[in-house]
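Have a look at the structure below before the remarks.
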Amino acid sequence: MHRLARTGGTAELLRWLAGRAEGWAGIVGPDGTVLHAAARTAGAMVPDVAGLVAESASALAERGVQAYSVDTGEHTALLFPLSGFPQGGFPQSGLPQGTSPHGGFPQGVVGDPAAPVLAVVTPRPVAAGLATLLADVVLPLSLCLQAETLERKRRRVDLAESRGREAVLHLLMTGQLSIAQQVAGALRPRLPDPVRVCVVECSGDDRDEVARVCVDADGGRSWIVRCPVYARHLILVMPAEDAGEKAPEPGAAPTDETVAARVGDCVVGVSEPVPLADTATGYRQAFHALAVARELPSRHARFGVSPDPALVVGPAGRRWADELLNPLLTHVPRRAQDPGSQELLATATSWLAFSSHATDHLKVHRNTLAARLRLIGELLGLDLHRLADQSALDLALRVRATPAPACTPEVPSSAPPFPYASGTSQAAGGLDVILCRPAVRDWADQQLAPVLGAEETLRTWLRCEGRLGPTAAGLGISVPGARKRLTRLETVLQRSLLRPPSARYDLWLAWRSRDLAAPRH
């Protein structure tokens, strides 16, 4: 019994009991509901075993006795509560003392009426010693049942905590800092500020084990979340070096480097230090660093210094972003169940970051996502199937999420306004003026410097809306060949291209700015 309890638990014990009784064994609730059951063979079961057991369990609960038996002529049902034992124990052989063929056991301590009951249905005559065997199995079976119940509760608690951490991350990614801090107050550790965001890509199904390594590596100082989009990713919101937190032991390696060294098959990407309010920016940076780390022997990379385009657009860019987003920010749904402006903003941000995976991030059906995107496109006058309009919306959302004083001061530009990219909506037409700013041109040159002179693949990919098949056709090569070229470009640019969050919006903006700066004939 104890061996089965350790190795197989309730299910194995019941199968063993059904074999010893040559019939049926199960655990039923006080209302007669069968919770667990096992039968030696299909033919060994009484035709109406569920009804027999339910009736017997009800009689046991009504009489408040410690055991109960009932005969049907061909079978005998034996029932024992799992929560208590009669005083003095059970006799060594035969049925428990006080048994009558159709009655209960008036002797003994009254059991818990809400306790589950062990029920066994066996052919008559009852085998010698079976009742004693059942009395002996009550204790290990009770312990197994309690342990399994506790394990289910532990898993529910773990799931609730995981979902709570995921919700906090979602609030941070959508810029709702105060609400995120309030929700995080019930969990540990508290959210640091400033932070580095770290993305750990695990192999196989060992994400939980890698999470334990992360906790051990930094003493539980990081906010660890299982990524809702990528099943193999862990997201760590770590205190930055100057965060004022209690530092790790002197001489200890940073958490991200420790994890990469201790987990031999994981890949780690880390962002620059960013304010907690810019967690979304930190995540994008860490994801781009992850694409670089996959190609490095150390399997670890930190994001290189590169300004966010939202920082260089100036006050004119902020006015453009406010004007573009105003129909979305002021949207009032017609019905209470329809998404409001904040929900639509979160949807747009998630979709631009994760593409079709936004359904996992937002926990919505793909049809719901598609309907929301149609509404967003209609409100803003954008064609969200086009990379140009996607890039405009992405920049506007990032500008809105950036504190106004952080934007580069306005510098008058002598460049005349240019028409927006052909075929793109007029609602984003003012973007070309913003892209002509000297600060934006400098940013664009910095982004594209690694590929200048060998930009055919990148230009073709952007011209084909970031789609792999048309890119391969445009280059006259196979799809695997195009994928290999883009993978090499990820290493050169130190950005993710093929998997969202992708750098394609920044790269489209950079090429557009460069094209606008080129002399026109």
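The figures follow:
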quantity: All positions within region 164-201 that are of a type in the set (Ser, Thr, Tyr) and touching a residue at least 60 places away in the same chain (Cβ under 8 Å); calculated: THR174
quantity: Filter result (of a type in the set (S, T, N, Q), modelled with pLDDT of 70 or more and either in contact with a helix residue (DSSP H, G or I) (Cβ under 6 Å, 6 or more places away or on another chain) or not in a helix (DSSP H, G or I) (or both)) within region 54-97; calculated: GLN66, SER69, THR72, THR76
quantity: Among the residues listed as LEU296, LEU236, the single one being at pLDDT 90 or above and among the aliphatic types (A, V, I, L, M); calculated: LEU236
quantity: Options LEU139, LEU171, LEU134, LEU145; residue that is at pLDDT below 90 and either open to solvent by 60 Å² or more (accessible area, probe 1.4 Å) or outside any helix (DSSP H, G or I) (or both); calculated: LEU139
quantity: Looking only at region 154-168, and only at residues there that are of a type in the set (D, E, K, R) and surrounded by fewer than 15 Cβ atoms within 10 Å (Cβ to Cβ), the one that is nearest to the chain's Cα centre (by Cα); calculated: ARG163
quantity: Every residue from region 217-242 that is in a loop (DSSP other than H, G, I, E, B) and touching a strand residue (DSSP E or B) at 6+ places or on another chain (Cβ under 9 Å); calculated: ARG221, SER222, CYS227, TYR230, ARG232, ALA240, GLU241
quantity: Selected residue (criterion: nearest to ASP278 (Cα to Cα)) from residues of region 178-200 that are part of a helix (DSSP H, G or I) and in contact with a helix residue (DSSP H, G or I) (Cβ under 6 Å, 6 or more places away or on another chain); calculated: ALA180
quantity: Index of the failed condition, ARG467 passing every other in (1) modelled with pLDDT under 90; (2) open to solvent by 40 Å² or more (accessible area, probe 1.4 Å); (3) within 17 Å of LEU352 (Cβ to Cβ); (4) not aliphatic (A, V, I, L, M); calculated: (1)
quantity: Residue within region 335-346 that is at pLDDT below 90 and of a type in the set (A, V, I, L, M, F, W, C) present; calculated: yes
quantity: Subset of region 201-216 [under 14 Å from the mean Cα position of the chain (by Cα) and assigned to a helix (DSSP H, G or I)]; calculated: ARG207, ASP208, ALA211
quantity: Matching residues, region 261-273, being open to solvent by 10 Å² or more (accessible area, probe 1.4 Å) and in contact with a strand residue (DSSP E or B) (Cβ under 9 Å, 6 or more places away or on another chain); calculated: ALA261, VAL263, VAL267, GLU272, PRO273
quantity: Complete set of residues in region 285-309 that are closer than 17 Å to ARG398 by Cα and surrounded by fewer than 24 Cβ atoms within 10 Å (Cβ to Cβ); calculated: SER306, PRO307, ASP308
quantity: Residue that is surrounded by the fewest Cβ atoms within 10 Å (Cβ to Cβ), among those in region 315-342 that are small (Gly, Ala, Ser) and either free of Cβ contacts under 8 Å to residues at least 60 places away in the same chain or in contact with a Gly (Cβ under 8 Å, 6 or more places away or on another chain) (or both); calculated: ALA336
quantity: Output for region 5-35, where each listed residue is without any contact (Cβ under 8 Å) to a residue 40 or more places away in the chain, over 16 Å from VAL121 (Cβ atoms) and among the aliphatic types (A, V, I, L, M); calculated: ALA11
quantity: Any hit, region 243-255, residues being at pLDDT 85 or above and crowded, with 19+ Cβ neighbours inside 10 Å; calculated: no
quantity: SER350 vs. criteria modelled with pLDDT of 90 or more, buried (at least 20 other Cβ atoms within 10 Å of the Cβ) and of a type outside the set (Val, Ile, Thr); calculated: yes
quantity: Where a residue in region 253-268 is within 13 Å of MET238 (Cβ to Cβ) and in a helix (DSSP H, G or I) and its partner, wherever it lies, is of a type in the set (Ser, Thr, Tyr) and open to solvent by 20 Å² or more (accessible area, probe 1.4 Å), with Cβ under 9 Å and at least six apart; calculated: GLU257/SER298
quantity: Failed criterion for ALA421 (all others in (1) closer than 28 Å to ARG485 by Cα; (2) assigned to a helix (DSSP H, G or I); (3) among the aliphatic types (A, V, I, L, M); (4) modelled with pLDDT under 90 hold); calculated: (2)
quantity: Long-range neighbours under 6 Å by Cβ, at least six apart or interchain, first residue on the phi > 0 side of the Ramachandran plot within region 364-383, second in a helix (DSSP H, G or I) and surrounded by 15 or more Cβ atoms within 10 Å (Cβ to Cβ); calculated: GLY381/ALA427
quantity: Qualifying positions in region 478-513 - more than 21 Å from ASP442 (Cα to Cα), assigned to a helix (DSSP H, G or I) and either in contact with a Cys (Cβ under 6 Å, 6 or more places away or on another chain) or open to solvent by 30 Å² or more (accessible area, probe 1.4 Å) (or both); calculated: VAL479, PRO480, ARG483, LYS484, ARG485, THR487, ARG488, THR491
quantity: Options THR402, THR347: the member that is within 25 Å of the chain's Cα centre (by Cα), under 25 Å from SER502 (Cβ atoms) and among the β-branched types (Val, Ile, Thr); calculated: THR347
quantity: Among (1) in a loop (DSSP other than H, G, I, E, B); (2) open to solvent by 40 Å² or more (accessible area, probe 1.4 Å); (3) not polar (S, T, N, Q), the one test that LEU382 misses; calculated: (2)
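For (1) outside any loop (DSSP other than H, G, I, E, B); (2) in contact with a Cys (Cβ under 6 Å, 6 or more places away or on another chain); (3) among the polar types (S, T, N, Q), each residue gets a yes or a no:
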| site | (1), (2), (3) |
| --- | --- |
| ALA301 | yes, no, no |
| ASP338 | no, no, no |
| THR349 | yes, no, yes |
| HIS357 | yes, no, no |
| HIS361 | yes, no, no |
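The values are calculated or read from the model by the stated rules, or taken from the named source; none is laboratory data. Being a predicted model, the structure only gives us computed values, none of them experimental. When we count neighbours, we look across all protein chains shown, and the Cβ atoms used for this are built from the backbone with ideal geometry, even at glycine. Side chains included, ligands, DNA and RNA excluded: accessible areas come from the protein's heavy atoms. Shrake-Rupley method; radii C 1.70, N 1.55, O 1.52, S 1.80 Å.
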